[in-house]
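Take a look at the structure below.
The values are calculated or read from the model by the stated rules, or taken from the named source; none is laboratory data. As the structure is a prediction and not an experimental result, all values here were calculated from the model. Cβ atoms come from the backbone with ideal geometry, glycine included; neighbour counts cover every protein chain shown. Accessible surface is based on the protein model in full, side chains and every heavy atom, while ligands, DNA and RNA are left aside. Shrake-Rupley method; radii C 1.70, N 1.55, O 1.52, S 1.80 Å.
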Amino acid sequence: MSCAAGTQLCAHAPCEAGVALNRACSDCVLAVCDSKPACCDVAWTDECASLALACGSC
């Protein structure tokens, strides 16, 4: 599952842990990465997924 924002796509659903996501793939991902930069720089962890759930991305 991917989320679209313009022409950018998330590598995976923001509510699932996985590879680091591109800040540009959604407003929610941007907000999560502003709060916890490692989510977009290192890996999208369970904590990142929980933050995405809180902003309504899942």
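Search the range 32-48 for residues being over 15 Å from residue 15 (Cα atoms) and out of contact with any Ser or Thr (no Cβ under 9 Å at 6 or more places or on another chain), and hand back the single one that is least open to solvent (accessible area, probe 1.4 Å).
37
So, in the range 17-30, of the ones that are within 17 Å of residue 46 (Cβ to Cβ) and assigned to a helix (DSSP H, G or I), which residue ends up nearest to the chain's Cα centre (by Cα)?
Per the stated criteria, the residue is 29.
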